[in-house]
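Written below as structure tokens is the structure these notes are about.
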Amino acid sequence: MSENSEINYWKLPKDELLRELNSSATGLDGAEATRRLGEHGLNEIPSIGHRTSFRIFASQFKNPLVYVLVFASVLAGFLGETTEATIIVAIVLANAVLGFALEYRSERAVDELRKYLSYTAIVVRSGKKLVIAASKLVPGDVVHLAIGDVVPADTRLLDADELQTDESVLTGESTPVDKNTNPVALDKPLTHQLSNIALMGSTVTNGFGSGLVVATGRNTYFGHVASSLSLLPPKTDFQKNIAKFGSFLVKVILLLTAFIFLVNSILGHDILDSLLFSLALAVGIIPEALPVIITVGLSEGALRLVKKKVVVKRLESIEDMGDVDVLCTDKTGTLTQNKVEVQDIVDPNDHSNPELVKQALLCNSAVVEGDRILGNPIDVAIWDYAREKKFDETSLNAFARIHEIPFGFTRRRMSVVVKKDDQRFLISKGAPEAILDVSTKTGDETRAQPISKVRNEVNSLFEKYSQTGSRLIAIGIKEIEEKSEYSAADEQELTFIGLVILSDSLKDDAAPAISRLKSLGIKLKILSGDDPVVTAEVCRKLGIDFQGRVLTGVDIENMQESELRQAVEANDVFGRVSPEQKYAIVSALKKNGHVTGFLGDGVNDAPALKLADAGISVDSGVQVAKEASSIILLEKSLGAVADGVAEGRKAFGNMIKYIMNTISANLGNMFTLAVGSLFLPFIPLLPSQILLTNLLSDAPLLTIATDNLDEEGLRTPRKWNIGQIARFALFFGLISSIFDFATISALIYILNAGPELFRTAWFIESVISEILVTFSIRTRRRFYKSRPSNLLIAASIIMASTTLAVVYSPLGSFLEFVQPPLWFLGLIFGILGGYFFLVEGLKHLFFSRYEV
């Protein structure tokens, strides 16, 4: 139910409820139903914040980095470099199309919610039962529910006969929930406390009932979740940092361009030449290949993850996954199997006794059809246990079922009367306290003692398993006389003979995967809608250290934002939290500066999945959770999450290699050219030569996405730090400039080189130095202790050779280069060698002081 309901329907008695909604047990008449449909609208999931295709596509260009690239393409075209301009425009458009495709798909998340709605409903109108489209239901309608039905709207129950619903996809509750008609005397009940409300989207697993529709569409609990999903998701950490980096580049380019143009103009250089030169330098400093580097790197990671059964819907989420330092995960269906299983069956002395499964099978309502077992999950689990233990099912043939006394919510037990030979037995199965209330003895069928003598021991037995988070079903039995009719009144003077211990078993790979995530420096937060005791036990079994404290939804319900932000730092395990509270917890973590991942598979997880920087679902999860997430695990292998983190860190590490290399080299070269232009009698490089330098030096770095990442780069999350990148660029750019000035001095004052020879030498030195230095700054280790990828090595050799080929080919003269003698090349390569080894020596000084 939506917490915004004006009337507390859960608190009202039946008669008052009917009056409040101006309805009756015979339902609404057709005219009134039509009027209310006009007032309340169709019983459908709302679509708030829906964006048109055009708006989604246009949003791809709202990024400072894109502005920079568009600016660069315009300048390149203005300078006559149509090839360069075309390449940049192609890069921008390709990334826009990719982003559009991914975002358009995510917009369908709300539409997927509709798959969870019942398409038809049995409704009472004017005293007659009708089957109508569920979308036509209105508040005040009386609907009927039976096993297998998907509840079509939030329904306050008027009648309930053994009614149970599966709310796991809504609340995270791992077992079916008992429903009744009793008023709930709470002002602000949490979802799991709405025992008299059948929630839209839940499934009836047992019994039947009828009720009054109290909320439809957007006003339902389901609709409230949908509304939060249909809002546009906040930008992820990766998106925000790309935007920051783009803004940083804009500032650098504007300052450098203005400075160079003004100074050259003041010194008397031709105004047009000065403008063209300054604009060419601006283009030269732009890392136009960055979108390609990002896309290729993330695509490479996505392809590797596919082989590990992981599908990535939004490529940038690989990067965000690598940055994650806090992973929030639901329990049900992600850490556990979301399947009730029998752990053991013990006698009153706490001795395992699988033979007691016979009584549990006799007192069982499941339908067995060969290998197929249908019915209540607990009864099905008992059959599964029996078959796992190789129980001789033919032994049940000796018993004839005489009568069944159905499960009652007040009694909290069911019973059967069976006959074997001339003996009749009444066997009861139910909640431990319910069996204990009607038992006078404990032991077995042949040896028993008064339960009053061992009451403390029996209570301790129940307490022992309850504290482990297990669900308990007790079994009682007695011999009974033959009667014409049996009833619940016969459930007395039983002998308590055993205890069925049930649990939602852990996934096999959960513990090792969690251990691996911890080794990657990721803090885990468990956000469960299930019982706090059950949640705590799951965490203990998985080795999650939470100091025994589980913060509940009730605890955080009235917290102020500042209090919640402190609580999410101090606590790691949360139980009985609603979808809104999961969302609030993830939001608080993000506001605290964390890059968050969220792992879940239910409808209740969808809002938090969409908010998180990296939303991760599993293929067995509900469709809406998979649509709200950006990464889907195709197999129940939580180790794939750790694989995704490793791939994300590899993609990030290689992207940073490109940025550090390109920005530092370009900044160094452009600074040298800018300063050199102040005292040289000619422009150091022609605009076309600057653009060619930029193109050739960037080409090998297109393969950086395939590069190997050192092991230490995987150990902890690495975040963007624009300040550190700027420091790196200045530090290594200064080293580059020192050698640039050494080259200038040698060319001008020793070799007396003219403009053509100077530009030729400068072109060769600029391109090859940037290619060469990549092999030093790509690793914090000594360059020979970290192997580059074969593709990077090959591309670097090809581009260095292409640089020389351009100079010594007819194209060289077209670009106004000259062919220098071989000894001249020797001088250049000598300078390059000195540059490389100086960078190799000084990089350890920088990295020991700064993290990049």
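The values are calculated or read from the model by the stated rules, or taken from the named source; none is laboratory data. Not measured: the values here are computed from a predicted model. A quick note on method: Cβ atoms are made from the backbone with ideal geometry, for glycine too, and the neighbour counts reach across all protein chains shown. Areas reflect the complete protein model, heavy atoms only, side chains present, ligands, DNA and RNA absent. Shrake-Rupley method; radii C 1.70, N 1.55, O 1.52, S 1.80 Å.
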Within the group Arg759, Arg787, Arg781, which residue is basic (Lys, Arg) and either surrounded by 19 or more Cβ atoms within 10 Å (Cβ to Cβ) or part of a helix (DSSP H, G or I) (or both)? Arg759
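Select from the stretch 634-661 the residues that are of a type outside the set (A, V, I, L, M, F, W, C) and surrounded by fewer than 21 Cβ atoms within 10 Å (Cβ to Cβ) and list them in ascending order. Lay out the reasoning, then the answer.
To start, the set of residues in the stretch 634-661 that are of a type outside the set (A, V, I, L, M, F, W, C) comprises 635-637, 639, 643-644, 647-650, 653-654, 657-658, 661.
Of everything in the stretch 634-661, those that are of a type outside the set (A, V, I, L, M, F, W, C) and surrounded by fewer than 21 Cβ atoms within 10 Å (Cβ to Cβ) turn out to be Glu635, Lys636, Ser637, Gly639.
Please verify whether Ser470 is open to solvent by 50 Å² or more (accessible area, probe 1.4 Å), of a type in the set (Ser, Thr, Tyr) and farther than 20 Å from Leu599 by Cβ, treating the condition exactly as stated. I'd like the intermediate steps shown before the answer.
Details: open to solvent by 50 Å² or more (accessible area, probe 1.4 Å): no; of a type in the set (Ser, Thr, Tyr): yes; farther than 20 Å from Leu599 by Cβ: yes.
No, not satisfied.
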How many residues does the stretch 441-457 contain that are surrounded by 16 or more Cβ atoms within 10 Å (Cβ to Cβ) and in a strand (DSSP E or B)? 4
Members of the stretch 473-511 found to be open to solvent by 30 Å² or more (accessible area, probe 1.4 Å), touching a residue at least 40 places away in the same chain (Cβ under 8 Å) and closer than 26 Å to Val533 by Cα, listed by number: Leu506, Asp509
Would you be able to say whether some residue in the stretch 386-399 is open to solvent by less than 10 Å² (accessible area, probe 1.4 Å) and not acidic (Asp, Glu)? yes
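Which of the residues that make up the stretch 563-586 are acidic (Asp, Glu) and not in a helix (DSSP H, G or I)?
Taking the stretch 563-586 and keeping what is acidic (Asp, Glu), we get 563, 569, 572, 580.
Answer for the stretch 563-586, where residues must be acidic (Asp, Glu) and not in a helix (DSSP H, G or I): just Asp572.
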If Ile427 satisfies every condition in (1) open to solvent by less than 20 Å² (accessible area, probe 1.4 Å); (2) over 17 Å from Asp350 (Cβ atoms); (3) at pLDDT below 95 but one, which is the exception? (3)
When Ser664 is run through (1) buried (at least 22 other Cβ atoms within 10 Å of the Cβ); (2) under 18 Å from Ala761 (Cβ atoms), the failure sits at (2)
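Quick one: in the stretch 694-746, of everything that is acidic (Asp, Glu) and touching a Ser or Thr at 6+ places or on another chain (Cβ under 9 Å), which residue is nearest to Ile242 (Cα to Cα)? Spell out how you get there, then give the answer.
Keep residues of the stretch 694-746 that are acidic (Asp, Glu), which gives 698, 707, 710-712, 740.
Then keep just the ones that are touching a Ser or Thr at 6+ places or on another chain (Cβ under 9 Å); that gives 698, 707, 710, 740.
Numbers: Asp698: 19, Asp707: 21, Asp710: 24, Asp740: 30 Å.
Checked the stretch 694-746; the qualifying residue nearest to Ile242 (Cα to Cα) is Asp698.
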Of all residues in the stretch 424-447, which are closer than 12 Å to Glu493 by Cα and either touching a residue at least 12 places away in the same chain (Cβ under 8 Å) or of a type in the set (Lys, Arg) (or both)? Leu426, Ile427, Ser428, Ile435, Leu436, Val438, Ser439, Thr440, Lys441, Thr442
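So which residues in the stretch 369-398 are outside any helix (DSSP H, G or I) and over 20 Å from Ser415 (Cβ atoms)? Give the derivation first.
Let us first name the residues in the stretch 369-398 that are outside any helix (DSSP H, G or I), namely 369-376, 389-392.
Once the filter is applied, which keeps residues that are outside any helix (DSSP H, G or I) and over 20 Å from Ser415 (Cβ atoms), the stretch 369-398 yields Glu369, Gly370, Asp371, Arg372, Ile373, Leu374, Lys389, Lys390, Phe391, Asp392.
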Filtered residues of the stretch 820-849 (kept if surrounded by fewer than 14 Cβ atoms within 10 Å (Cβ to Cβ) and either touching a Leu at 6+ places or on another chain (Cβ under 8 Å) or not in a helix (DSSP H, G or I) (or both)): Pro821
Go through the stretch 495-532 and give me each residue that's under 19 Å from the mean Cα position of the chain (by Cα) and assigned to a strand (DSSP E or B). Lys523, Leu524, Lys525, Ile526, Leu527
